[in-house]
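A short worksheet on the structure shown next.
The values are calculated or read from the model by the stated rules, or taken from the named source; none is laboratory data. Keep in mind that this is a model prediction, so the values were computed, not measured. Positions of Cβ are backbone-derived with ideal geometry, glycine not excepted, and every protein chain shown enters the neighbour counts.
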């Protein structure tokens, strides 16, 4: 019995199936990377907000978190008017958009006072226009520390605020 090599049609069909499977896998990987990047960007913004809040409490000085949305680019910067140090570099996000209480904005300033007060209060929603990813941050709820039953040690008065 003589063995025949694969025909051209069988080889082309095999390659087509491999390319189809590779396309499906690469699309899923691309979507996962976009979702990870979105969550990472929002996490960096939330960390910057928390840092601004903590600085206001620890330095006993007012701090401002300034968000600017222009030309499809989100810019976030932490500022202290009473500091002689230069402000830190702003965070820039090319594909991230934001709205405050459901309305688009060009500029939004969030003020943090040393007493723990945050103005304005509301909901910041982050999203990408070209994807279904959305995440929101509620001000000032995101800064309240949930009290644990087994937590020991001193508690800052602002941390003990009722939820």
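List of remarks:
- Residue in the range 115-123 that is surrounded by fewer than 13 Cβ atoms within 10 Å (Cβ to Cβ), touching a residue at least 40 places away in the same chain (Cβ under 8 Å) and out of contact with any strand residue (DSSP E or B) (no Cβ under 6 Å at 6 or more places or on another chain) present: yes
- Only one of the numbered conditions (1) in a loop (DSSP other than H, G, I, E, B); (2) modelled with pLDDT of 80 or more; (3) closer than 15 Å to residue 49 by Cα is not met by residue 111, and that is (1).
- Looking only at residues of the range 52-74 that are over 18 Å from residue 123 (Cα atoms) and within 16 Å of the chain's Cα centre (by Cα), we find that the one that is surrounded by the most Cβ atoms within 10 Å (Cβ to Cβ) is 73.
- Among residues of the range 80-108 that are in a loop (DSSP other than H, G, I, E, B), those with a beta-carbon under 7 Å from a residue that is at pLDDT below 90 and loosely packed, with under 10 Cβ neighbours inside 10 Å at least six positions away or on a different chain give the pairs 106/70.
- Failed item in (1) exposed (fewer than 10 other Cβ atoms within 10 Å of the Cβ); (2) at pLDDT 90 or above, with residue 43 passing the rest: (1)
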